[in-house]
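A quick write-up on the structure given underneath.
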Amino acid sequence: MAGKPLASPRSQRTRAALIAAGLDLLFDRPIDAIPIDDVVARAGVAKGSFFNHFADKHDFAAAVAAEVRLEVEALVGAANAGIADPVARIAGGMAVAARAAVEQPRRMMALLRSMAPATSQSHPLNRGLKDDIEAALAQGLIRPEAREAGVPYWLGLCQVLMMHLIETRPSHEEAARQLGDMLLLGLTGLGAPPAQAAALADAARRARIG
């Protein structure tokens, strides 16, 4: 069976321009407050081009969020390379999210405004977190309740922390302190060993964000 035909360079450029416009516009407004006319005007493309790529505004917002989330997941993978302990890997994901919120607030706000469809355990972008939670469960490192609630719980903490850092724009030292505090609360909430949660939180507080 033939695969899906590759998009033409022109089509790829149009889609990239639309995504870039979304990243810009979603920093200030939720998708429901952004007319498609504003998107295509910012992208510099014809309105019909929008519907060649996206079914509607929510499909568009999900595509913008997915692009940024893929970038974040790549950063998480790089940060966790060589780390076997699943609790430390879970903590590493939050640290990457906090750093991204401080260093790339516009892109992360666009992600946060469009995260709702990507919070389920079955979503492909949550595979890494789900695997780490399952590994921690298999080793008896976290509470059994995390089997169903762990992914949305941890994503929720990360999202709230990112939003808070974007809104308050703390110093690098204060951002690190807030990350450490959230890690301590979040990891103990998962049921991680208190000593390990405290050690990971202390390490985050000592690390410079930004």
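Remarks
- In Hz, Karplus ³J(HN,Hα) per residue of the range 131-147 (6.51, -1.76, 1.60; θ = phi - 60°; x = Gly, Pro): 4, 5, 5, 5, 5, 5, 5, 4, 8, x, 8, 9, 5, x, 5, 5, 4
- Residue order, fewest to most surrounding Cβ atoms within 10 angstrom, among ARG13, ARG205, ARG99: ARG13, ARG205, ARG99
- Backbone phi angles across the range 88-95, fed through the Karplus curve with coefficients 6.51, -1.76 and 1.60 (θ = phi - 60°), yield HN-Hα couplings of 5, 5, 4, 5, x, x, 5, 4 Hz in residue order; Gly and Pro are listed as x.
- Normalised by 2.2 N^0.38 Å, where N is the number of residues, the alpha-carbon radius of gyration of the chain equals 1.12.
- Residues LYS130, LYS47, arranged from fewest to most other Cβ atoms within 10 angstrom of their Cβ, appear as LYS47, LYS130.
- The phi torsions of the range 186-194, fed into the Karplus equation with coefficients 6.51, -1.76 and 1.60 and a -60° offset, translate into couplings of x, 5, 5, x, 6, x, 5, x, x Hz, rounded to whole numbers, with Gly and Pro shown as x.
- With only Cα atoms counted, the range 9-54 has Rg and Dmax values of 9.9, 30 Å.
- Equivalent-ellipsoid semi-axes of the range 14-114, from the Cα gyration tensor, Å, largest first: 31, 13, 10
- Descending Cα extents along the principal axes, the range 55-146, whole Å: 44, 27, 18
- Panel order for THR14, THR168, THR188, by other beta carbons found within 10 Å of each beta carbon, from fewest to most: THR168, THR188, THR14.
- Kirkwood Rh and Cα Rg combined as Rg/Rh, the range 134-210: 1.01
Read the figures in this text as sums done on the coordinates, not as results from a lab. This is a predicted model, so every value here is computed, not measured. No Cβ is skipped: glycine too gets one built from the backbone with ideal geometry, and neighbour counts run over all protein chains shown.
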